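Take a look at the structure set out below.
The values are calculated or read from the model by the stated rules, or taken from the named source; none is laboratory data. What you are looking at is a predicted structure, and each value in this text was computed from that prediction instead of being measured. Using ideal geometry, Cβ is built from the backbone for each residue, glycine included, and neighbour counts are taken over all protein chains shown.
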Amino acid sequence: MSLLDHYWTLASDDPSQRIEAAEALIKGLLDADSESDWDYALNRLITGLSSTRGSARLGFSMALAEVLNTRKSHIPISEYLEKTSKAFVVTGSMKGAEERGLLFGKLFALQTLAKSPLWEKASLQDFNEFVNMALALSLKKVWLREPVFYAICELVQSLQGTFNFDRDEALEFLFKKIHEKNLTATCEGIAIALSVSAEERSKFNDLGEWKTGNPLAKGNLADLARILKDLPVSTSDSQRSNWKPSVHFVWHFLLKEFSQAATPNDEGPPRKKHKKDKKDKKGKKATKQDDGVIGLAEFWRATIDDGFFANSASPERKMWGFEIFILAVPQQDNVAALLTPNLTRSLANQLAQSDRYLHKMAKRVVSVLMDISRSQHTKAAAIVETLLSHMEHFDRISKSALIHDLIPLAADQNRLTAMFLKTFKENKEQQPKAQSALDSIIHMIKSSKNADDIAWIRGVLDELVPIAYFESDLPESMVEMVQQRITSILSHTLGRMIAPTGSWPYEVLKIILDLQKRGRDTRVTFEGEILKTKLKAEATVEKIHKKRVSSPHVDSPQLQAFELLFSMVLLQLYSSNTEAVALLDELQMVYSKFAGREQVDDDDESYDASQVLTEVIISFLAQQSALLRKLSEEVWASFTNQITTGSLQLLYNILSARESLEGQEELFDIEDDEVEAEGDDEGEEEDMEEEEEEEEDEASDSESESDDDESEGETPDEENAVDAEAERALAQTLGVNPDNDDDDEEEEDSMDDEQMIALDGQLAAIFKDRQKQLSKSKVRKQEVQKAKQNVTYLKSRVLDLLDIYVRKQPTNLDGLSMAIPILEMIRTTNDRQIGDKAREFLKTKLCRKTNYTLDGEEDLELAITILQSVLEEAAASTSKAHGLAANQVGVLVTKLLVSYDAGLIEIVTAQYMRALNEWFKSPKNQTTPNMFIDMINYLASKRGN
């Protein structure tokens, strides 16, 4: 391939082909080593910069740069500039496209020269000639000014070290020419001034319009802001295509200047002192410069906030503002100075709606803030604090989760906590604001991964506990809200122990007791037996705590569980929970039994402390509190090795309860409206726990289709009965036969005015009574629905306890017994989700994660009884899921029996044969055929072994 072919390939749109062509061209020129070829190449590459073919300018400028680098000792700058001047001559007869091509070609030629090594041997005359040509080009078209000055700035910054001309003389010429062209007070003029050091620019302050030669001098702020924000932006649709989204390159110099010279108090880049500043006219040493420099905060407010984000700013200006902000955030330590009020407002507004013009740009800003907070956690707190200071409900207004996501990233938890507590204190009587502040603190606690950092959590509790449990002037609603937030804090910290062996519920109780010792009066007054119970429980929990901390060998999970139980029930007592007294009495009995120090009741040998403890746990679960649920699970896990069959039966009774008003009353032994109130006490807390709940836990919040159908099934009948009764009353009042429409008209015609007036009152009473009956029907429907939710919620929590039991006691045969009540619940429940959860538990936990063995006749009889019950359940199956679950349990029990004694195969097959005969004889028998097939397949695998 000849050298001429490479020139053609340089215009390819493929970057790799352009690179290969440039490399091949230089290699060919070096191999030929011909001066004529080098001269032709230089001329051809310069003139080719004006070509509009493909990507010719990119390819030719790249090859030209390589030629200048290779031939730097053979090409004088004066010669290059002369060739450039001759190659791009614009005449008045040229068309617009041809003129633009030449102007762009000249621009590329000057840019290539500015970055070339030819300046190593350049003279001052060369520099001056380059400046003259560049400035002349910049004045040809307004869109040429920025790229031309960018090339000049690159050249000025590269002219460091030893050259053949004096740098100060060159800069003096440059500043003088810019001033002559009236370009000093422009973005380009500012960029030139900032491309040199503060000391250099101050030498030429008489050649420009800036005080001390520094655009960043304080006296220049107004002019600087005007110049930077008054960039031409066309708002007409016809000219909007001329607008470019990229910001002016002067901002790179400005942001770099502030980032390099920022001071701790953010007064901006410090001005360097010069010899003439060190002494005043009297020869005394100067103490402070009067001029000073602009700080980042005041600069940003004047140029960005009041300029690009002013109320009247166009979307184009705001987009530039966001772009500048994105550039500034990684460079500036003081991010808070960048998050100004107008910017924050615009950010929130653009985030709020996806169809906003700058919505995507606003999301980029959020992404940058998140990235910088992840890499520099110290900035996260400042960002949160600043955003909330400008917009109290930023996340809600912006419909984003920026504050929510930033809070966990904050390294300075104390700073944010102090801010939120201050907001809370200042708005104690404005519940929404106070609640929002506390919820932010709770989010911090929930997101905290450092269990050892407890000082700030203790500080929060020190502020909240006196409000929640002691006398104050705050309204009851505020006090209840604070109590709920304390409950949320305890819920999120329940698994975190406080060194050496404390717990957060006990820590809250200790704060209450300490305040009482100091003379503070609690909100609740305790008298008589209640006071005795409270004092006894407090003494007991103190003894438990001392016992735990006395020695690591004495401490145990059971003692920890009792400390948690007593602490939590006492907190409920201080919150006016009427059931807390009875719970404390029961806990005292259970603790005494487990501690083994005293007799509980000599007359009651059947007393089972395990059952009492289980009843306490069930009472906690019934309150539908996330905290009490976690507490119940922790306590249950600590005592699984002491749980008796009677205790498990209490849980089975819940699984078999009807999902109705009657079932609710049987379980809770209270009216359904009371249970509803208890369930709503901590609904807000449940919302905060939603992320941590398992998918099945939503069973209490949404009913299955079959459940809905059943709950609504009674309603039409009730409504029809009400309508029928109303029709009978109307017919009796009107004295007509409801089946004869003609009588109505005759009766009405025969009535006089007095009769019609009397009739109006009777009709009104009938319709009023009808509306009353319909309202009762609606309330009844709501009560039925709520009752089902309460029962299914409790069933779901019971399944969680059984899951814990199986996990902690995988060899205890009592775990196998629970298969029968669970199968019964799967068959009888009307809630699809709770049924799926139970089936999943049988499949993945009970039938796979256990290791049961039989030991003696008693275990053998139990296993056979369970197998018989499983087959009976299979026969009564109501769904495919239930039949599959029964099949899995049947196989499990079969394996257990055969593994214990292969001779038991006769008993197993006899059970299955009986079930098979009943299945064949009775069409109502719903046993799935797979029940028998899987049993045979298992026996086939054991045959001959």
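Here are some notes:
- Which listed residue, of ARG827, ARG780, is at pLDDT 90 or above, more than 24 Å from GLU633 (Cα to Cα) and over 37 Å from the mean Cα position of the chain (by Cα): ARG827
- Flag if VAL524 is outside any helix (DSSP H, G or I) and closer than 27 Å to GLU579 by Cα: yes
- Checking each residue in region 337-368 for being charged (D, E, K, R), assigned to a helix (DSSP H, G or I) and over 20 Å from the mean Cα position of the chain (by Cα) picks out only ARG345.
- Candidate set: region 108-125, residues that are assigned to a helix (DSSP H, G or I) and of a type in the set (A, V, I, L, M, F, W, C); chosen: the one farthest from LEU42 (Cα to Cα): LEU124
- Qualifying residue in region 517-528 (condition: in contact with a Lys or Arg (Cβ under 6 Å, 6 or more places away or on another chain) and under 15 Å from TYR574 (Cβ atoms)): yes
- Among (1) basic (Lys, Arg); (2) at pLDDT 90 or above; (3) in a loop (DSSP other than H, G, I, E, B), the one test that LYS428 misses: (2)
- Of everything in region 390-430 that is touching a Ser or Thr at 6+ places or on another chain (Cβ under 9 Å) and among the acidic types (Asp, Glu), the residue that is surrounded by the most Cβ atoms within 10 Å (Cβ to Cβ) is ASP405.
- Selection count, region 70-90, where residues are closer than 18 Å to LEU49 by Cβ, part of a loop (DSSP other than H, G, I, E, B) and either without any contact (Cβ under 8 Å) to a residue 12 or more places away in the chain or under 60 Å from the mean Cα position of the chain (by Cα) (or both): 3
- Among the residues listed as ILE822, ILE864, ILE826, ILE804, the single one being of a type outside the set (Gly, Ala, Ser), in contact (Cβ under 8 Å) with a residue 40 or more places away in the chain and touching an Asp or Glu at 6+ places or on another chain (Cβ under 8 Å): ILE804
Residues checked against (1) touching a Ser or Thr at 6+ places or on another chain (Cβ under 6 Å); (2) closer than 18 Å to TRP8 by Cβ:
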{"site": "LYS27", "(1), (2)": "no, yes"}
{"site": "ASP31", "(1), (2)": "no, no"}
{"site": "GLU35", "(1), (2)": "no, no"}
{"site": "LEU81", "(1), (2)": "no, no"}
{"site": "SER85", "(1), (2)": "no, no"}
{"site": "MET94", "(1), (2)": "no, no"}
{"site": "PHE108", "(1), (2)": "yes, no"}
{"site": "GLN111", "(1), (2)": "no, no"}
{"site": "TRP119", "(1), (2)": "no, no"}
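- Contact map, region 901-928: residues that are outside the structural domain of LEU862 (by TED's automatic domain parsing) paired with residues that are surrounded by 16 or more Cβ atoms within 10 Å (Cβ to Cβ), Cβ distance under 7 Å, separation 6+ or inter-chain. No pairs are found.
- Checking each residue in region 534-563 for being part of a helix (DSSP H, G or I), closer than 19 Å to VAL635 by Cβ and among the polar types (S, T, N, Q) picks out THR540, GLN558, GLN560.
- Residue match in region 165-172 (condition: within 22 Å of SER85 (Cβ to Cβ) and either charged (D, E, K, R) or touching a helix residue (DSSP H, G or I) at 6+ places or on another chain (Cβ under 9 Å) (or both)): yes
- Residues satisfying the stated conditions in region 369-395, i.e. part of a loop (DSSP other than H, G, I, E, B) and at pLDDT 90 or above: MET391
- Scan region 1-22 for residues that are in a helix (DSSP H, G or I), of a type in the set (Asp, Glu) and in contact (Cβ under 8 Å) with a residue 40 or more places away in the chain and the total you get is 0.
- Members of region 614-627 that are crowded, with 19+ Cβ neighbours inside 10 Å and either charged (D, E, K, R) or under 16 Å from ILE804 (Cα atoms) (or both): THR614, ILE617, ILE618, LEU621
- Condition met for PHE60 (part of a helix (DSSP H, G or I), buried (at least 17 other Cβ atoms within 10 Å of the Cβ) and in contact with a Gly (Cβ under 7 Å, 6 or more places away or on another chain)): yes
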